[in-house]
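The following block contains the structure, expressed as C-alpha cells.
Here, each number is a calculation from the coordinates, and none is a lab measurement. On a predicted model such as this, the values are computed, not experimentally measured, just so you know. Reconstructed Cβ throughout: ideal geometry from the backbone, glycine too, with neighbour counts over all protein chains shown.
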Ligand code: DQA
C-alpha cells in the first residue's frame, strides 16, 4: 500500500514552543502520532517528514509523485516564496492538500499570498493541528475518487 506523504516545511519542528498563541501547544510529534492513529482507522499509511530546506521539500514532492497515494503539505514560509514548490506540486499526479495551522489571511499581508494554493486540490487554514486531521479525512475521499 502506498503512503500519504505529510510534508512539513521550515520551523515546524519548533511547534509546541514556537509562538504558541498563534500555533498552539501541540508538537509536530503530537500531530504525527494523531495522524498515524487516524491513518490506521482510514487504512492509510503515513509517511511524515519535516525539513527546513526548500530543496528537500521539492525532492519529497517528486518522490510522492512517483510512489505516494497523496500529499498533505504545510510548506511553512515557503508557501509565500517558493515557485519551485508550486512547480513541483503542479508536476505530480496524486491528490494534494495544503494545510496551515494559522489563518494566513488574518495575519501580516505577506502571508496572504500562497504560491502553493494554485497547485493543490484544496486548502485548510486556521484550524490549528486539527487541520491535518481534516486534511487526512478529505484525502481518503480524494484517493477513493481517483481510484474509481
Ligand atoms: C504556517 C503559516 C506560515 O505563514 C508560516 O511561515 C509558518 C506556519 C502555518 O501553519 O500557519 O511557518 O504555514
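Quote to one decimal, in nm, the extra length available between residue 17 and residue 106 on full extension: 0.36 nm per residue of separation minus the C-alpha distance between them. Walk me through the intermediate numbers first.
Numbers: separation 89, 0.36 × 89 = 32.04 nm, distance 2.14 nm.
Extra length from residue 17 to residue 106 when fully extended: 29.9 nm.
Further question: Could you tell me the distance between the Cα centroids of region 84-148 and region 2-62, to the nearest Å?
Region 84-148 and region 2-62 have Cα centres spaced 13 Å from each other.
How would you classify region 25-91 from its alpha-carbon gyration tensor, with a ≥ b ≥ c the square roots of the eigenvalues: rounded for a/c under 1.5, else prolate if a/b is greater than b/c, otherwise oblate?
The shape class here is oblate.
Once the mean 1/r over all distinct Cα pairs of the chain is inverted, what Kirkwood radius in angstroms do you read off? Walk me through the numbers before you get to the answer.
Details: mean 1/r = 0.0664 Å⁻¹.
Kirkwood radius, the chain: 15.1 Å.
State, to one decimal in nm, how far the label point of residue 25 lies from the label point of residue 77, with both points 7 Å from Cα in the Cβ direction.
2.7 nm
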